[in-house]
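So the structure is just underneath, and the comments pick up after that.
The values are calculated or read from the model by the stated rules, or taken from the named source; none is laboratory data. Keep in mind that this is a model prediction, so the values were computed, not measured. Virtual Cβ from ideal backbone geometry, glycine too; neighbours counted across all protein chains shown.
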Amino acid sequence: MANFYCEHCGSKYSSVSSLTSGTCPRHPNGPSKGKHELYEGSEKPQYTCKFCGSKYSSIVSLTSGTCSRHPNGPSKGKHTPAL
Ligand SMILES: [Zn+2]
Ligand SMILES: [Zn+2]
């Protein structure tokens, strides 16, 4: 069965409907200010931040780090996985 991940926090769900019904602790609007949003890329052994190129072994660890090249400004947001 496929897994579905939130692009903001890396939470894993077995369906898109359950993913998007949950509140996201790392939502870009602020903690718990929005729902999890689907990461539309495939599962990979390594994930790359689309802004700075940092590599992490999971979306959870990638999105926990602050991005020095975030479009909102340096360290104004988290790394975001490239598809
Ligand atoms: Zn989330
Ligand atoms: Zn980054």
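Residues are listed down the side, and each one gets a yes or a no for (1) farther than 26 Å from Ser17 by Cα; (2) among the polar types (S, T, N, Q); (3) in contact (Cβ under 8 Å) with a residue 12 or more places away in the chain:
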position	(1), (2), (3)
Ser32	no, yes, no
Glu37	no, no, yes
Lys44	no, no, no
Ile59	no, no, yes
Arg69	yes, no, yes
Thr80	no, yes, yes
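Only a single criterion out of (1) at pLDDT below 95; (2) within 15 Å of ligand 1 (Cβ to nearest atom) is not satisfied by Ala2, namely (2). Taking the criterion of being part of a loop (DSSP other than H, G, I, E, B) and either among the basic types (Lys, Arg) or more than 13 Å from Thr63 (Cβ to Cβ) (or both), the residues of region 13-38 that qualify are Ser14, Ser15, Thr20, Ser21, Gly22, Arg26, Asn29, Gly30, Ser32, Lys33, Gly34.
Looking across region 13-27 at every residue that is closer than 18 Å to Lys78 by Cα, touching a strand residue (DSSP E or B) at 6+ places or on another chain (Cβ under 8 Å) and of a type outside the set (D, E, K, R), the one that is surrounded by the most Cβ atoms within 10 Å (Cβ to Cβ) is identified as Cys24. Checking Gly41, Gly10 one by one, the residue that is in a loop (DSSP other than H, G, I, E, B), within 26 Å of Ser75 (Cβ to Cβ), within 16 Å of ligand 2 (Cβ to nearest atom) and in contact with a strand residue (DSSP E or B) (Cβ under 7 Å, 6 or more places away or on another chain) is Gly41 and no other.
Can you confirm whether region 19-41 contains a residue that is more than 12 Å from ligand 1 (Cβ to nearest atom) and among the hydroxyl-bearing types (Ser, Thr, Tyr)? Show your work before the answer.
Initial filter on region 19-41 (more than 12 Å from ligand 1 (Cβ to nearest atom)): 30, 40-41.
Going one step further and asking which of them are among the hydroxyl-bearing types (Ser, Thr, Tyr), we end up with none.
No: zero hits.
Note on region 54-73: residues that are of a type outside the set (S, T, N, Q), in a loop (DSSP other than H, G, I, E, B) and surrounded by 11 or more Cβ atoms within 10 Å (Cβ to Cβ) amount to 4.
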